[in-house]
Amino acid sequence: MATQSRIAVARTLQIVFGEGERVPDGWDAGLASGDAGLANALLGHCLRRWGTLQAHCRPQFRNPARGVPLGTQVALAIGLAQLAWLEGVTDHAAVNEAVDLAGDRDLGFPPHRGLVNAILRRAGRDRAALRATLDAMDPALDRTPFAELALKAALYPRGQGGAREVLWKRLQAPPQPFFRALGPAPDTLLPVDGVPGALQLAPGADFPREWLASGRGMVQDLSSQALLAFAWGGSPRTVLDACAAPGGKTTALARRFPEAALTALEKNPERAARLKENLRARGVEAEVVVDDAGPWMRRPGPAFDLILLDAPCTGSGTLRKHPELTWIGPSIDRPRMRAVQRDLLEAAVTRLAPGGLLVYAVCSWLSEEGQDHRDWLLARPGLAPVAAWPAGMGAEDGPTAFFRPDPLTWPGEGFQAFAFTRTLES
Ligand SMILES: C[S@@+](CC[C@H](N)C(=O)[O-])C[C@H]1O[C@@H](n2cnc3c(N)ncnc32)[C@H](O)[C@@H]1O
């Protein structure tokens, strides 16, 4: 029988490719830490190289045009990825466990053991050659129209040419983790230049599992940390985090503005429960409201001095961290997403106090989710941009009101954010 780590990877690939859903939060939660490390590496390779792995197998099927059922594709991908890229896994484990997966009734995989065994044994005869063959295949096999759109948007208005392949290579590497201390930090974590408070692993250091589990620190992407370091002279009495779960940015806002009354809105009840749990564990005091932020913000109520709208988005800037988005991105309803963002933004403006600051952010490179909303909004009277981020975080030479770090050099996820105020006389 296959080990729990391979079964967890197989189930997750079924969810992504069978149901078109994102990798569920906590998909590896039941695994011991060594197994979780293997499972994460394996899932990453399968998701990043799914097109290549399938293209390698297809000519070996009896009927390449018809292909094989998803369960068989998953078993093959899991076996091949281990043989090619996970040197610590023996041939025996890679092949036999994939063959076991192929007949796994609980997973509902068809009993194509013979086919999986034959393809993997052939591939395992020379693992270095297998790796070289897979790595020499066309990188476009692992991209969808959504990934192409994300690349184009990320590089706009730069010439696309060679930069596209350079960026794609960067996005295919596993993401670098960044951290934020909530208490004393281990000396295996080092500061990141230019982003106050951000921490990264010292060369060769182990991932600080115990420190994170103890509540003394959290993982937070570098872009989130940099955008939350916005410069603003105000000292808000009231702060609204309009789309808050799982609460990384709520936590950062609470620590930065400890005197302010903080309200955190979240529409999804399950995510709201996680938000509450995270805030409780971190000792953050906030009123958590489970509601749709659009209607909630439009109801009569007090204005806020500071509003963060970290809006739902396509996630096109997070292909490195969430490689499954490459595959499920094409089915995202982008016009609906744009409409939701605009509605939330319009509602948030109604609750912004004169002289207050509103920061809108999305982890996407698509201008339809960031820049276009900014242009539309700032054409209105009574709102003015605030240059809240230092030089280097946007396209301008100096401080910028539009946060959009360069995807070719910046190690964090792709984000767009803009900051504006309601002018006092409006
Ligand atoms: C980008 S995530 C927020 C991440 C969070 N700010 C953090 O840093 O941890 C967007 C969140 O908004 C929630 N959401 C989506 N539409 C919403 C709405 N209309 N009202 C309130 N929350 C919403 C989603 O469920 C999701 O948890």
Among (1) open to solvent by less than 30 Å² (accessible area, probe 1.4 Å); (2) part of a helix (DSSP H, G or I), the one test that Leu240 misses: (2)
Do any residues in the range 385-407 that are on the phi > 0 side of the Ramachandran plot have Cβ atoms under 9 Å from those of residues that are small (Gly, Ala, Ser), where the two are at least six apart or on different chains, and which pairs are they? Gly392/Gly194
Kindly indicate whether Gly414 is assigned by TED's automatic domain parsing to the domain that holds Lys321, at pLDDT 95 or above and assigned to a loop (DSSP other than H, G, I, E, B). yes
Determine which single condition Trp327 fails, assuming it passes every other condition in (1) of a type in the set (A, V, I, L, M, F, W, C); (2) touching a residue at least 40 places away in the same chain (Cβ under 8 Å); (3) within 16 Å of the ligand (Cβ to nearest atom); (4) farther than 20 Å from Thr423 by Cβ. (3)
So Met297 clears everything in (1) more than 12 Å from the ligand (Cβ to nearest atom); (2) hydrophobic (A, V, I, L, M, F, W, C); (3) over 25 Å from the mean Cα position of the chain (by Cα) except one condition, right? Which one? (1)
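Out of Ala147, Ala154, which single residue is outside any loop (DSSP other than H, G, I, E, B) and under 20 Å from Leu43 (Cβ atoms)?
Values: Ala154 fails: under 20 Å from Leu43 (Cβ atoms).
Selected residue: Ala147, the only one of Ala147, Ala154 that is outside any loop (DSSP other than H, G, I, E, B) and under 20 Å from Leu43 (Cβ atoms).
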So Glu346 ticks every box in (1) among the acidic types (Asp, Glu); (2) part of a loop (DSSP other than H, G, I, E, B); (3) under 25 Å from Thr263 (Cα atoms) but one. Which box is left unticked? (2)
Determine which member of the set Leu377, Leu383, Leu344 is in the same structural domain as Gly294 (by TED's automatic domain parsing) and under 26 Å from the mean Cα position of the chain (by Cα). Leu344
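Residues checked against (1) open to solvent by less than 30 Å² (accessible area, probe 1.4 Å); (2) small (Gly, Ala, Ser); (3) in contact with an Asp or Glu (Cβ under 6 Å, 6 or more places away or on another chain):
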{"residue": "Gly162", "(1), (2), (3)": "no, yes, no"}
{"residue": "Leu171", "(1), (2), (3)": "yes, no, no"}
{"residue": "Ala181", "(1), (2), (3)": "no, yes, no"}
{"residue": "Pro184", "(1), (2), (3)": "no, no, no"}
{"residue": "Val195", "(1), (2), (3)": "yes, no, no"}
{"residue": "Leu199", "(1), (2), (3)": "yes, no, no"}
{"residue": "Pro203", "(1), (2), (3)": "no, no, no"}
{"residue": "Trp211", "(1), (2), (3)": "yes, no, no"}
Please go through (1) of a type outside the set (Lys, Arg); (2) in contact with a Ser or Thr (Cβ under 7 Å, 6 or more places away or on another chain); (3) open to solvent by 30 Å² or more (accessible area, probe 1.4 Å) for Asp305 and return the number of the only condition it doesn't satisfy. (3)
Condition set free of Cβ contacts under 8 Å to residues at least 60 places away in the same chain and open to solvent by 80 Å² or more (accessible area, probe 1.4 Å), scope the range 1-28, selection nearest to Glu270 (Cα to Cα): answer is Glu19
Answer residue from the range 347-393, given it is open to solvent by less than 60 Å² (accessible area, probe 1.4 Å) and among the aromatic types (Phe, Trp, Tyr) and is nearest to Pro335 (Cα to Cα) among those: Trp365
Are any residues in the range 185-219 in contact with a Phe, Trp or Tyr (Cβ under 6 Å, 6 or more places away or on another chain) and in a loop (DSSP other than H, G, I, E, B), and if so, which ones? Pro186
For the range 217-249, what are the residues that are closer than 22 Å to Asp292 by Cα and near the ligand (Cβ under 7 Å from one of its atoms)? Asp241, Ala242, Cys243, Ala244, Ala245, Pro246, Gly247, Gly248, Lys249
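The values are calculated or read from the model by the stated rules, or taken from the named source; none is laboratory data. In this text, all values refer to a predicted model and were calculated from it rather than measured experimentally. With ideal geometry, Cβ positions are generated from the backbone for all residues, glycine too; neighbour counts draw on all protein chains shown. Calculation scope for accessible area: heavy atoms of the full protein, side chains included, ligands and nucleic acids excluded. Shrake-Rupley method; radii C 1.70, N 1.55, O 1.52, S 1.80 Å.
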